[in-house]
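J.: Here it is, the structure in full.
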Amino acid sequence: MTLFLVGFMGCGKSTVARGLAELAGWEFVDLDRRVCQMAGAEDVAEIFATRGEEEFRRLEREAIESLAFSGNAVVATGGGAPCVGDNMERLMALGTTVYLKMSPLALRDRLLHVRVVRPKIVGKSPEELLEYVTELLAEREPYYSRARVVVDCDNISSRVIVARLKYLTRQP
Ligand code: S3P
């Protein structure tokens with residue numbers, strides 16, 4: 001059984017996925033890391049810089065396919081992954097999708113601290129970042145909100161979100 005956490009950059013997918021996997025004794029998979037391994041790249045920024053976003057998205061789809069026969073795993077997807085082609089449908093077919101929902105303001109405040117390592121937001125001022133997040137989230141929301149489970153994450157710690165999602169890892 002595979003749980004796919006989806007949501008905007010900075011919503012806490014990796015932290016929650018790692019915590020949930022640990023609690024359940026499941027494997028933790030970071031989709032971005034898997035893409036980097038497949039590409040032989042140090043990080044996502046390197047792939048964007050040397051091969052471009054289109055190639056990154058192609059590798060990202062391949063990485064999703066590589067999870068088709070996983071055992072019990074919690075996967076942190078990249079923020080754009082469910083919003084490209086039919087990726088969201090594919091994720092929904094492969095496992096249970098969970099949207100970690102956060103407001104543009106909360107996302108902006110969290111992202112202010114990590115702009116450097118994210119190629120899509122590097123160099124933006126706080127005002128530019130809020131505008132960017134608001135617009136891109138509006139575009140992506142229709143994909144994210146198709147997830148089977150939607151969790152409101154504003155002002156809630158990752159620890160509490162992990163506890164709330166624990167029931168999803170209990171086998172029927
Ligand atoms: C992206 C989000 C990133 C990473 C890449 C593109 C996006 O993942 O996949 O930089 O398009 O939103 P995180 O959501 O883990 O930051």
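J.: Identify all residues within region 68-82 that are within 15 Å of the ligand (Cβ to nearest atom) and not polar (S, T, N, Q); write none if there are none.
T.: Correct list: VAL74, VAL75, ALA76, GLY78, GLY79, GLY80, ALA81, PRO82.
J.: If a residue has to be open to solvent by 40 Å² or more (accessible area, probe 1.4 Å) and more than 9 Å from the chain's Cα centre (by Cα) to count, how many in region 10-33 make the cut?
T.: Of the residues in region 10-33, 8 are open to solvent by 40 Å² or more (accessible area, probe 1.4 Å) and more than 9 Å from the chain's Cα centre (by Cα).
J.: Right, another one. Open to solvent by 60 Å² or more (accessible area, probe 1.4 Å) and within 12 Å of the ligand (Cβ to nearest atom): does that describe ASP43?
T.: Yes, satisfied.
J.: Based on this model, can you work out whether VAL133 counts as open to solvent by 50 Å² or more (accessible area, probe 1.4 Å) and either touching a helix residue (DSSP H, G or I) at 6+ places or on another chain (Cβ under 8 Å) or within 21 Å of ASP152 (Cα to Cα) (or both)?
T.: No: the conditions fail for VAL133.
J.: May I pose another question? Any idea which of (1) among the aliphatic types (A, V, I, L, M); (2) more than 13 Å from the ligand (Cβ to nearest atom); (3) exposed (fewer than 14 other Cβ atoms within 10 Å of the Cβ) is the one ALA49 doesn't satisfy?
T.: (2)
J.: All but one of (1) assigned to a helix (DSSP H, G or I); (2) of a type outside the set (Asp, Glu); (3) open to solvent by 50 Å² or more (accessible area, probe 1.4 Å); (4) within 22 Å of GLU22 (Cα to Cα) hold for LEU165; which doesn't?
T.: The single condition LEU165 does not satisfy is (3).
J.: List the pairs whose first member sits in region 20-43 and is touching a residue at least 40 places away in the same chain (Cβ under 8 Å), whose second member is among the aromatic types (Phe, Trp, Tyr) and within 12 Å of the ligand (Cβ to nearest atom), and whose Cβ atoms are under 9 Å apart, counting only residues at least 6 apart or on separate chains?
T.: Within 9 Å, the pairs are VAL35/PHE56.
Residue-by-condition table, conditions (1) touching a residue at least 60 places away in the same chain (Cβ under 8 Å); (2) assigned to a loop (DSSP other than H, G, I, E, B):
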site: THR97; (1), (2): yes, no
site: LEU105; (1), (2): no, no
site: VAL133; (1), (2): yes, no
site: LEU136; (1), (2): yes, no
site: ASP154; (1), (2): no, yes
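J.: Looking only at region 76-122, count every residue that is out of contact with any Lys or Arg (no Cβ under 9 Å at 6 or more places or on another chain) and open to solvent by less than 10 Å² (accessible area, probe 1.4 Å) and tell me the total.
T.: 2
The values are calculated or read from the model by the stated rules, or taken from the named source; none is laboratory data. No experiment lies behind these values; they were computed from the predicted model shown. Note that we place each Cβ from the backbone using ideal geometry, even for glycine, and neighbour counts take in every protein chain shown. Keep in mind that these areas ignore ligands, DNA and RNA; they rest on the heavy atoms of the full protein, side chains included. Shrake-Rupley method; radii C 1.70, N 1.55, O 1.52, S 1.80 Å.
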